[in-house]
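Structure first, commentary second.
Nothing in this text is a laboratory measurement; each read-out follows from the coordinates by a stated rule. Just so you know, these numbers come straight off a predicted model, no measurement behind them. Cβ placement follows ideal geometry from the backbone for every residue including glycine, while neighbour counts extend to all protein chains displayed.
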Amino acid sequence: MSDFTTIPTLDLSLLKDPGARKTLILHMLHIVRDVGMCYVTGLPFGPEVFDKAKVECEAFFNLPTEEKTKLDIANVPGFLGYTAVGTEYTNNKIDTREHLTVAHPIPGEIVGPAYQNLWGPSQWPDSSVLSDFTPSFKNYMEEVARVEKMLRGLMAEAIGVNPATLNSLFDHNQQYRMRMIKYPGPPATASAEDLQALGPHQDHTFTTLINQVTDHVALQACNGKGQWIDCPPKPGSLVFVVGKSGQAATYGACSAAVHRVVALAPGSTARYSISVGTNLRYDLSVLSPSTKQTFDAIQRDVNAGRIGTEGHLDEYLNPLGSLDTLGMKVLNNYCLSYPDIMKRWHPEMARPIASGVSGP
Ligand SMILES: O=C(O)CCC(=O)C(=O)O
Ligand SMILES: [Fe+2]
């Protein structure tokens, strides 16, 4: 992690110019190695996708509370649903935000270990309440998923890893989890010190793509000196964030960004954001010989390339007692964030292991 002072921008439209590819890849190398976060512009979809998402996101949060709580995250075991303000913790402190998390598609039937509950079902608002919501956001997730796949290929190329090797760590029918978030403006009388919008964290994802829907300057990334660098909204862009799995699967060649959302000024309007995250296969375990071979190949590629790493597998991927797959580690992270849901649906996880990560 370097001492960056601004968040870089990666322009995907440069992919159309074969002569610009080398520069683009070198820029991606700087981003993933030194920052772990960037704006992505030149997106392969039009502004109407953002416009529609904004309208539907605001419409959802403007619904009466009883309508939103019909989709309560506690209704299902997969941490997919609506969370009111005051339900979620980061670093043992309550976050001031409400959100709806949905996933699309469900990769398969739930027949095995507890982590499979993360696949679904999702809870969508009834079409009699918000008629365009579900099709709009299914489309939104597909558009963002295309961007994620483009970025993953560039990431692999930038760090000298065969993209097919990296892709083999993902589910064939990969899950994307989308979270739309409202950070309510605190009352004008609130004391700013007591407020936490979203505490400092790394995402548990491979990568996350954030759409800052409103124009508040609140998202920040931490540089190598421990300074917080603003990531002000840039219209027509997504913010790309490397998560813990992205760092682990690349032997540290990519850096997971530590980021946070600062509390809004008392009396300000609400901030909205929409993030779409994805992860490696939940059944991934380095105890499997073929997976171990894949990681060995990645390590060889990374070491043979431009980036030296410490050469050992990140502890995030190492089995830890019953957390023997990536899916169990992710489930453990959700249990940390939602202790009440853990008690209801996953009592066997009763002593989650602290890790300070978040994500959709
Ligand atoms: O609201 C944002 O801009 C970022 C949200 C975030 O980092 C998260 O949910 O993990
Ligand atoms: Fe995050």
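Overall, the chain carries a charge dipole of about 480 debye about its Cα centre when +1 sits on the Cβ of Lys and Arg and -1 on the Cβ of Asp and Glu, all other atoms neutral. Summary value for the chain: 22 percent relative contact order, contacts being C-alpha pairs under 8 angstrom separated by 6+ residues. Residues Met178, Met342, arranged from fewest to most other Cβ atoms within 10 angstrom of their Cβ, appear as Met342, Met178. Computed extension length for Ser13-Ser168: 53.2 nm, one decimal, from 0.36 nm per residue of separation with the Cα-Cα distance subtracted.
Under 5 Å from the amide H of Tyr176 lie the amide H atoms of His104, each residue being 5 or more positions distant or on a separate chain, with H modelled from the backbone and absent for Pro and chain starts.
Around Tyr82, with a cut-off of 10 angstrom between Cβ atoms, what is the net charge of the other residues, counting Lys and Arg +1 and Asp and Glu -1? Could you put the intermediate results ahead of the total?
Numbers: positive: Lys68, Lys70; negative: Glu67, Asp72, Glu98.
Around Tyr82, the surrounding residues sum to -1.
Name the residue, out of Glu98, Glu148, Glu109, whose mean-square fluctuation peaks in a Gaussian network model built on the chain with Cα pairs under 10 Å. Comparing Glu98, Glu148, Glu109 in the GNM, the peak value goes to Glu109. Dipole check for region 1-138: with +1 at the C-beta of Lys and Arg, -1 at the C-beta of Asp and Glu, and the Cα centre as origin, the magnitude is about 480 Debye. Taking a straight Cα-Cα cut-off under 26 Å and skipping sequence neighbours fewer than 8 places away in the same chain, the lysines within cross-link reach of Lys138 are Lys52, Lys54, Lys68, Lys70, Lys149, Lys182, Lys234, Lys244.
Between Leu130, Thr325, Met178, the Cα set farthest toward the positive side of the dipole of region 9-358 (charges on each charged residue's Cβ, about the Cα centre) is that of Thr325. Subtracting the Cα-Cα distance of Asp132 and Glu315 from their residue separation scaled by 0.36 nm leaves 61.6 nm. Springs between alpha-carbon atoms under 10 Å, Gaussian network over the chain: tell me which of Gly78, Gly246, Gly153 tops the mean-square fluctuations. Maximum fluctuation in the GNM of the chain, among the listed residues, is at Gly153. Taken one residue at a time, the phi angles of region 158-174 give Karplus couplings (6.51, -1.76, 1.60, θ = phi - 60°) of 4, 9, x, 9, 4, x, 5, 5, 5, 4, 5, 8, 9, 4, 4, 9, 5 Hz. Gly and Pro are set to x.
Computed on region 18-159, with alpha-carbon pairs under 8 angstrom and 6+ residues apart, the relative contact order is 27 percent. Ranked for footprinting exposure by Cβ neighbours inside 10 Å, fewest first, Trp119, Trp124 give Trp124, Trp119.
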